[in-house]
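Beneath this line is the structure, given in structure tokens, with notes to follow.
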Amino acid sequence: MTASQVMNSAPAQSTDASPHTGRSFGRRLHGVNWWLTALVAVCSLTVLVPLYFAVAIALKSPEQLAQGTGFEWPNPVHWSNFAEAWERTNFPSALLNTALITVCSVVLTLLTSSVLAYALARNMHRPFFKIVYYYFLAAMFIPFPIVMLPVVKETGLLGLDNQAGLIVLYTLYGFSMNIFLYTTYLHSIPMELEEAARVDGASTWRVFRQIIFPLLMPMNATVGILTCVWAWNDFIMPLVVLTDPSARTLPLAQYVFQGQYNTNYTVAFASYLMAMAPLLLVYIFSQRWVISGVVRGSVK
């Protein structure tokens, strides 16, 4: 075949391929379930309704809230609700207590749960470790109110009815779910990486510290944000454990708006929004690691 024949045949090949490309693109568009897509979009937008409801109430006066249905945008806007919520809840002190408990609980949870899950995952073939693993999983089915009274009694006797006691309790009660997540994720890490390090003389702690723990970053983000949300928003455990009023967390401080006969909804919703803002920022910045950890941890 001459060069001219090759050049003449090239456009014919490109024109023959273009209809196939168009048909494949059309099939992809035709395969989209538009009804299901629209349903998912509508359901996603409904998440904004409670948020708008909370913001609208936080900017209203009690008279404006009593006159409407709650969905009307306030006119005029009452920004003073946030100032009143700041003062009545002693917001800086409650925020500092909540942040201290949450950060310490997250750090202690990541350090202890990852080490324990690593020991269980790499020794699951031994009966003792398998029994311990299922023992921790069984704790997921025991609600906290069932063991609440013994826990309150023990924390009082041990002098742990304070922030330190809450940090320990959040770490212990998170073991069951966290070990399940970590163990599942560790099965996806090849054993060859550890074996190569051991051949070079690395100890078990060095293997975990320099190889395994850095590879656990997606799952660390997942466990960290779950623990953070739990410790930040929890109400029942600080209520029954803490005995010092100055150590109260944000959920306990917001309980001041609940009266015997009425509730100051406008100021209460303003305090809810202020308490939600820091946690929302944390989740926005760590969302991609959370999703990565959940997806990779679900596949062995």
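The values are calculated or read from the model by the stated rules, or taken from the named source; none is laboratory data. Just so we're clear, the structure is a prediction, and the values are computed from it rather than from any experiment. With ideal geometry, Cβ positions are generated from the backbone for all residues, glycine too; neighbour counts draw on all protein chains shown.
Just the residues that are of a type in the set (Lys, Arg) and either in contact with a helix residue (DSSP H, G or I) (Cβ under 7 Å, 6 or more places away or on another chain) or loosely packed, with under 13 Cβ neighbours inside 10 Å (or both), please, taken from segment 95-143. Working first, answer last.
Quick first cut of segment 95-143, residues of a type in the set (Lys, Arg) only: 122, 126, 130.
Within segment 95-143, Arg126 is the sole residue that qualifies.
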Self-check item: Pairs with Cβ under 6 Å, 6+ apart, first in segment 64-79 and closer than 16 Å to Val267 by Cα, second assigned to a loop (DSSP other than H, G, I, E, B) and of a type outside the set (A, V, I, L, M, F, W, C)
Solution: Gln64/Pro74; Pro74/Lys60; His78/Ser61
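For every residue, the table says whether it meets (1) under 22 Å from the mean Cα position of the chain (by Cα); (2) in a loop (DSSP other than H, G, I, E, B).
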position: Ala202; (1), (2): no, yes
position: Trp205; (1), (2): no, no
position: Thr222; (1), (2): yes, no
position: Ala231; (1), (2): yes, no
position: Val256; (1), (2): no, no
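Take the residues in segment 49-102 that are in a loop (DSSP other than H, G, I, E, B) and of a type in the set (A, V, I, L, M, F, W, C); name whichever of them is modelled with the lowest pLDDT. Spell out how you get there, then give the answer.
Within segment 49-102, the first condition is being in a loop (DSSP other than H, G, I, E, B), and the residues that meet it are 59-61, 68-79, 89-90.
After this cut, where a residue has to be of a type in the set (A, V, I, L, M, F, W, C) as well, the list is 59, 71, 73, 77, 79.
Values: Leu59: 91, Phe71: 78, Trp73: 88, Val77: 89, Trp79: 91.
Selected residue: Phe71.
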Quiz item: Quick one: in segment 189-221, which of the residues that are among the β-branched types (Val, Ile, Thr) and in contact with a helix residue (DSSP H, G or I) (Cβ under 9 Å, 6 or more places away or on another chain) is nearest to Val106 (Cα to Cα)?
Solution: Ile212
Practice problem: Give segment 183-227 a look and list any residue that's modelled with pLDDT under 90 and of a type in the set (Gly, Ala, Ser), or say none. | Solution: Ser188, Ala196, Ala197, Gly201, Ala202, Ser203, Ala221
Practice problem: Return the residue satisfying two criteria in turn: it lies in segment 121-137 and is without any contact (Cβ under 8 Å) to a residue 12 or more places away in the chain and part of a helix (DSSP H, G or I), and of such residues it is farthest from Thr98 (Cα to Cα). | Solution: Pro127
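Of the residues that make up segment 165-186, is at least one surrounded by 13 or more Cβ atoms within 10 Å (Cβ to Cβ), small (Gly, Ala, Ser) and not in a helix (DSSP H, G or I)? Steps first, please.
Keep residues of segment 165-186 that are surrounded by 13 or more Cβ atoms within 10 Å (Cβ to Cβ), which gives 165-186.
The next check asks that each one be small (Gly, Ala, Ser); those that pass are 165, 174, 176.
Going one step further and asking which of them are not in a helix (DSSP H, G or I), we end up with 174.
Yes, some residue in segment 165-186 is surrounded by 13 or more Cβ atoms within 10 Å (Cβ to Cβ), small (Gly, Ala, Ser) and not in a helix (DSSP H, G or I).
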Exercise. Kindly provide the set of residues from segment 250-282 that are surrounded by 13 or more Cβ atoms within 10 Å (Cβ to Cβ) and either at pLDDT below 65 or in contact with a Cys (Cβ under 8 Å, 6 or more places away or on another chain) (or both), ordered by number.
Key: Leu279, Val282
Practice problem: Would you mind stating whether Phe269 is more than 25 Å from Cys104 (Cβ to Cβ), touching a strand residue (DSSP E or B) at 6+ places or on another chain (Cβ under 9 Å), touching a residue at least 12 places away in the same chain (Cβ under 8 Å) and among the aromatic types (Phe, Trp, Tyr)? | Solution: no
